[in-house]
Amino acid sequence: MFAIVRTGGKQYRVAAGDKIVVEKLAGEAGDSITFDDILLAGDGDEMKSTKGLKVGAEIIAQAKADKVVVFKKRRRHNYRRKMGHRQQHTILKIVSVGDSKVEKKAEAKADAKPATKAEAAPKAEAKAPAAKKAAPAKAKADAKPAAAKKAPAKKAEPAKKPAAKKAAPKKDA
C-alpha cells in the first residue's frame, strides 16, 4: 500500500519501509511522527479512501543539506558578495501506511514514556530532602574549625615617598 503525504510544502509518495528526506520537523532521533494530511492512497492500481488513514514514521536523524553558495557580482563596480546556506532537514523511515498499526504503536510509546518519568520524579524528590538534611550538619562541623583558624596578618607595606616638587620657572630679566 502507498500514500501521498504533504509536509513542509511538498508532497511525497511513501510506502512502508521507505526512507525520505523532508524539511525539518520537531523531534529527536527515535521519535515517532504521524502524518494526518494524506492526499491519496492506493494499493496497486486501486485507489482507497483517505478518511481516517494515517501514515506513521520514525525520525532517523536531523541533518543539514549540502552548502549552497550565493555569489553576487557587478562587473566593473568592485561589488562582490559571497554568502552560504545549509538547509536543515529530517530523515524519516516510514513505519506503516494505515490506521490501526500507527495508533497502537503511538499509544504504546506515549504510555511508556510518561510512566518512567513519573516514577523517576518521586525518587528524585525523596533523595533531595535526605541530602539537604545531611548538608547542614556537615556545614556546622566545618564552620567550627574554620572559625578557629585565622588568616595570617598582612605585612605592612613600606611608606611611599612623596612626589618630588617641581622647580619654579625662571624669570628672565
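Every number in this text was worked out from the coordinates using simple rules, so none of it is lab data. Just so it is clear, the model here is predicted, and its values are computed rather than measured. Every residue, glycine among them, receives a Cβ derived from its backbone with ideal geometry; neighbour counts consider all protein chains shown.
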With θ set to phi - 60° and the Karplus curve 6.51 cos²θ - 1.76 cosθ + 1.60, what are the ³J(HN,Hα) couplings of segment 77-91 in order, to the nearest whole Hz, using x for Gly and Pro?
-> 10, 6, 10, 9, 9, 10, 9, x, 8, 10, 6, 8, 9, 10, 9
Interchain or long-range residues, amide H under 5 Å from Val95's placed H | Gly17, Gly56, Ala57, Glu58
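Would you mind counting up the charge near Ala65? Only other residues with Cβ under 11 Å from its Cβ, with Lys and Arg at +1 and Asp and Glu at -1. Intermediate results must be reported in sequence, preceding the final value.
Numbers: positive: Lys24, Lys64, Lys67, Arg86; negative: Glu23, Asp66.
Neighbour charge sum, excluding Ala65 itself: +2.
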